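Accompanying notes for the structure given below.
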Amino acid sequence: MRSKAFAVARPGFIFLGAAFVLTIAFAMTGMGLLVLIGVVTIAFITWFFRNPERTAPDIKGAVLAPADGKIIKVEPVANTTHYPERCNKISIFMSIFNVHVNRIPFNGTITGLRYNPGKFFSANLDKASSDNEYNAVTLTTDRGKRICFVQIAGLIARRIICDLKPGERVAKGDRFGMICFGSRLDIYLPERTRVQVENGQKVRAGTTVLGMID
């Protein structure tokens, strides 16, 4: 269902449509400078909402990055809002230059969705995980392991998009949503996960292995 898609993510269609209409209107009225600005705007929107095809590596037990960006924190945590047990938390910061389409990190079933309206602190701050607007997705693997990944709005990002539904069966690497204009994604993995990444490392959604679980 989500393995194939347009080269531009669906949320970008409305922005592209508006930019095309305005650019054509400017052209019809002879506003050369505004036409140029419109063309540049169309190019930027197309680039920002790019939606590249990727092939998830066929590695048994591999948890894949749900977002493009840079690892800003890898730490053990316990009894958090999103994970009631001891676990490993990995935070990925998405700058405006990254692909913003999010992908499923592991095969399984969606067993929880929780949206929370909140504030809009800069996404690289620790308090963004708990205080900012977020959408938390809980996935249960076929072996009963819990994985939670949380889309977090940032200082500029004000639109979280998630197409998932409770009870839905998903596959690693599938697209499931995006966060517009720079943001953060936290993922909580079982305590015994063998983490494969470190702070400062750049990752790609659907291809970079974050860790290995049994």
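Every number here is computed from the coordinates shown, using simple stated rules; none is lab data. These numbers come from a predicted model, not from an experiment. Here the Cβ positions follow ideal geometry from the backbone for every residue, glycine too, while neighbour counts run over all protein chains shown.
Using a cut-off of 23 Å between Cα atoms, the listed pairs 60/165; 60/145; 70/145; 89/172 include 60/165; 70/145 as exceeding that distance. Figure legend: label point modelled 7 angstrom from the Cα of residue 168 along Cα→Cβ; residues of region 4-44 with amide N under 19 Å from it are 4-13.
Full extension of the chain segment joining residue 214 with residue 58 gains 54.7 nm, where the gain is 0.36 nm per residue of separation less the Cα-Cα distance.
Peptides 70-76, 200-206, 25-31, 96-102, ordered by how many other C-beta atoms sit within 10 Å of their residues on average, highest first, read 96-102, 200-206, 70-76, 25-31. Helix 32-48 and the longest principal axis of the C-alpha atoms of the chain enclose an angle of approximately 20°. In summary, region 62-212 shows an alpha-carbon radius of gyration equal to 0.91 times the 2.2 N^0.38 Å reference for compact globular proteins. Here the calculated FRET efficiency for residue 79 and residue 201, from their Cβ-Cβ distance with R0 = 22 Å, stands at 0.25, rounded to the nearest 0.05. With the highest mean first, a sort of the peptides 134-140, 81-87 on other beta-carbon atoms found within 10 angstrom per residue produces 134-140, 81-87. Computed from the C-alpha gyration tensor, the three semi-axes of the ellipsoid equivalent to region 13-99 are 43, 15, 11 Å, from longest to shortest.
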